[in-house]
Amino acid sequence: GGDYPNNNFGNYQKATKSGYKFEDMNANGEWDADEPVIAGWTIYVDGTDGAGNPVSDSTTTDADGKYEFSLVPGTYTISEDLPTDWFQSFPASGEYVDEVFVSGGDYPNNNFGNYRNATKSGYKFEDMNADGNWDADEPALEGWTIEVHDFSSGAFVASTTTDADGKYEFSLKPGRYLISEVM
């Protein structure tokens, strides 16, 4: 005559989180058709599963730039390992933060876009014969100010002065710029 209720069975399917790593050559925050994928980058997942257990794991992007995690439903943050000479353009927040993953959920196209700065450099010299060429006997000029302005808006971006060898150098986000000297 015993009554034994609530002998239930609960099941779940793992959720899938995936995306691609690409080099954002023009730093516009979008994956343009001609921009390459990046293999061998570490992508991290941290958070808690639905039972409150901490989860921390990582994977590496494959030859196609793809990463994928199979996760117990829960709340997770997805981020990437960013080397010091790279900058992130996508996602704008820098990571996919505190997302709730449900049973069987499929979360594709969680991409990461990165770019490297370009180097612009040159020399300032005294063109003694005004022929437009830097001849071997013409001196480099130290201490001259070289400026960078945004091409579209004309807004000031940066400036530097030429060194003892007349050299200047800028590390610039990909884009269009005007480079000029201050007379």
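The values are calculated or read from the model by the stated rules, or taken from the named source; none is laboratory data. Only a predicted model underlies this, so the values are computations on that prediction, with no experimental measurement involved. Using ideal geometry, Cβ is built from the backbone for each residue, glycine included, and neighbour counts are taken over all protein chains shown. Heavy atoms of the whole protein, side chains included, go into the accessibility calculation; ligands, DNA and RNA do not. Shrake-Rupley method; radii C 1.70, N 1.55, O 1.52, S 1.80 Å.
With every protein chain present, what is the per residue accessible area of the range 78-127 (1.4 Å probe, Å²)?
56
Quick one: 3J(HN,Hα) in Hz for the range 145-161, Karplus 6.51/-1.76/1.60 with θ = phi - 60°, rounded, Gly and Pro as x.
Rounded to whole hertz, the list is 8, 10, 10, 10, 10, 5, 5, 6, 9, x, 5, 5, 10, 6, 8, 8, 10.
Could you tell me what % of all Cα pairs in the range 133-183 have separations over 17 Å?
More than 17 Å apart: 42 percent of the Cα pairs in the range 133-183.
Any number yet on Rg/Rh for the chain, C-alpha, Kirkwood?
1.28
Looking only at the range 121-151, which residues have a backbone nitrogen under 14 Å from a spot 7 Å from the Cα of Ala164 in the C-beta direction?
In the range 121-151, the label zone of Ala164 (backbone N under 14 Å from the point 7 Å along Cα→Cβ) covers 140-143.
Between Gly47, Val97, Ala118, whose Cα lies farthest towards the positive end of the dipole of the range 1-142 when Lys and Arg beta carbons carry +1 and Asp and Glu beta carbons carry -1, centred on the Cα centre?
Gly47
Using only Cα positions of the range 41-143, each an equal point scatterer, no hydration layer, compute I(q)/I(0) via Debye at q = 0.16, 0.23, 0.24 Å⁻¹ and quote the log10 values to two decimals.
Log10 I(q)/I(0), no solvent term: -0.77, -1.25, -1.32.
Which order do Phe87, Phe156 take by accessible area at a 1.4 Å probe, largest first?
Putting Phe87, Phe156 in descending order of accessible area: Phe156, Phe87.
Residue by residue through the range 178-183, which ³J(HN,Hα) values in whole Hz follow from phi under the Karplus form 6.51 cos²θ - 1.76 cosθ + 1.60 (θ = phi - 60°), with glycine and proline marked x?
Each residue's phi maps through the Karplus curve to give 10, 10, 8, 9, 9, 7 Hz.
Report ³J(HN,Hα) in whole Hz for each residue of the range 5-22, in order, from the Karplus equation J = 6.51 cos²θ - 1.76 cosθ + 1.60 where θ = phi - 60°; Gly and Pro get x.
Per residue, the Karplus-derived 3J(HN,Hα) values read x, 6, 9, 8, 10, x, 10, 9, 10, 5, 8, 10, 10, 8, x, 10, 10, 9 Hz.
When the accessible area of the chain is computed with all protein chains present and a 1.4 Å probe, what percentage of it is carbon and sulfur?
47
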